[in-house]
Amino acid sequence: MDAISYQRAADINGAIAAAQRPGAVFIGGGTNLLDLMKGGITHPVTLIDITRIAALDRIETLPDGGLRIGALVRNSDAANHALVRTRYPLLSQALLAGASPQLRNMATVGGNLMQRTRCQYFYDTAFAQCNKRSPGSGCAAIGGFNRMHAILGASAQCVAVNPSDMSVALAALDATVQVSGPRGARAIAFTAFHRLPGDQPHFDTTLQSGQLITSVDLPPPMFSDHAHYLKVRDRASYAFALVSVASALQLDGRHIRTVRIALGGVAHRPWRASVAEQLLAGRTLSAATLREAAAAELAQARPLNGNAFKVGLAQRAIVRATMLAAGPYGAAGSPTGDFA
């Protein structure tokens, strides 16, 4: 049995100071960390409880009209907050698509950003080959069971995917992660927060040692009228995505003024579909145009032996999610029967 010490932080500075000790980790809701500890995957020496730090559990409007969501806001509270539901429906939908109600009631926004992959080879210590768990040991998933694994941005070192639904929406919404650390405050663009595996897959994010997430900031709302989060999974309740799509639009009739698309379940981080976005901007909305853009985005996919189906599935999901985001403007061109 591992010996673990516990410390409750009274404020941000105290939490950061305590985190400078080797083996110290922050704990909020603990919904992922405790699983990792029980499975023998992570072995913290000190747990720093941040749940009593004032002001980290608030949702407040920013001076520019954006929204600040504190790191300790529960996923269920964020999803059901009036300002999130009305101004950022994409985020509300993504949060409600994740986990179960019981877990959403415990999980925090900051913790959601830090949750680790659900790759079975990472979670099962009986498999020695996992570069994410044991750097340099290899990746058993590449030649093993890889149905759930990455088709975009993977490397020869790791093909795991990021499991967060919330993060896919935040990537599409151009959120910013605010952090505090020993060297002061830092703002990280959301698309730069999570890493691709490269040759260091054991690093999931660009956080530096001892840094604490304090909030997620959203820019002024642009997509309150046309946004949709689509999650394709093996069962409708409590399952991780095979493919998910966060799609948001600004439309003038059927003319696409602005579009944001991010994918989940396909890469080591939420995948911003920049190729598709560039092809769609300024075009007239149609199923054919969406299929063209989706195919261009997935042209860079490198599927494994067990997940080649994800390429076509992701393309169809982009079309479907964007048509649903467009509402009545998408209904006329909806590709009936093109999604299954």
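The values are calculated or read from the model by the stated rules, or taken from the named source; none is laboratory data. Fair warning: this is a prediction, and the values are worked out from it, not measured in the lab. Because the Cβ atoms are built from the backbone with ideal geometry, glycine has one as well, and the counts that use them run over all protein chains shown. Please note that ligands, DNA and RNA were not included when accessible areas were found on the heavy atoms of the full protein model with its side chains. Shrake-Rupley method; radii C 1.70, N 1.55, O 1.52, S 1.80 Å.
If the viscosity is 0.890 mPa s and the temperature 25 °C, what translational diffusion coefficient in µm²/s does Stokes-Einstein give for the range 227-330 when Rh comes from Kirkwood over Cα pairs? Numbers along the way, then the final one.
Numbers: Rh = 13.7 Å.
The calculation lands on 179 µm²/s.
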Fill in the blank from the handout: Residues whose modelled amide H sits under 5 Å from the amide H of Arg269, counting only those 5 or more places away in sequence or on another chain, are Asn162
Exercise for the section: Take the solvent-accessible surface of the protein heavy atoms, probe 1.4 Å, and return the percent of it on the range 227-330 that carbon and sulfur atoms account for. Expected result: 51
Problem - Cα Rg, Dmax (largest Cα-Cα span) when computed across the range 156-231, Å - result: 14.3, 41
Handout entry: Ratio Rg/Rh, restricted to the range 20-93 and using Cα atoms, in which Rh is the Kirkwood radius
Key = 1.09
Problem - Pairs of alpha carbons in the range 5-52 whose separation is greater than 17 Å (percent) - result: 28
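Can you tell me how the range 103-199 classifies by the Cα gyration tensor, rounded, prolate or oblate, using a/c under 1.5 as the rounded cut? Don't skip to the answer; put the middle values down first.
Details: a/c = 1.88, a/b = 1.74, b/c = 1.08.
It is prolate, given that a/c is not under 1.5 and a/b is the larger ratio.
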Handout entry: Nearby lysines by direct alpha-carbon distance to Lys310 (threshold 25 angstrom, same-chain neighbours under 8 apart not counted)
Key = Lys132, Lys231
Exercise for the section: Mind checking the per residue accessible area of the chain for me, 1.4 Å probe, whole number of Å²? Expected result: 43
Problem - Geometric extent, Cα atoms of the range 35-188 - Rg, Dmax (angstrom) - result: 17.6, 51
Exercise for the section: Under 12 Å from the Cβ of Met148, count the other residues' Cβ atoms, weight Lys and Arg +1, Asp and Glu -1, and hand me the total. Expected result: +3
Fill in the blank from the handout: Stokes-Einstein D for the range 194-245 (4 °C, 1.567 mPa s, Kirkwood Rh from Cα pairs), in µm²/s, comes to 86
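Calculate the FRET efficiency for Tyr238 and Asp124 from the Cβ-Cβ distance with a Förster distance of 22 Å, rounded to the nearest 0.05.
Working: r = 20 Å, r/R0 = 0.90.
According to the calculation, E is roughly 0.65.
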Exercise for the section: With no solvent and one equal point scatterer placed on each C-alpha of the chain, evaluate the Debye formula and give log10 I(q)/I(0) for q = 0.10 Å⁻¹, two decimals. Expected result: -0.58
Problem - Accessible surface of the range 5-52, 1.4 Å probe, proportion on carbon and sulfur as whole % - result: 55
Completion exercise
Ranking Ser180, Pro44, Ala126 by how far each Cα lies towards the positive end of the charge dipole of the chain (+1 on Lys and Arg Cβ, -1 on Asp and Glu Cβ), the top one is Ala126
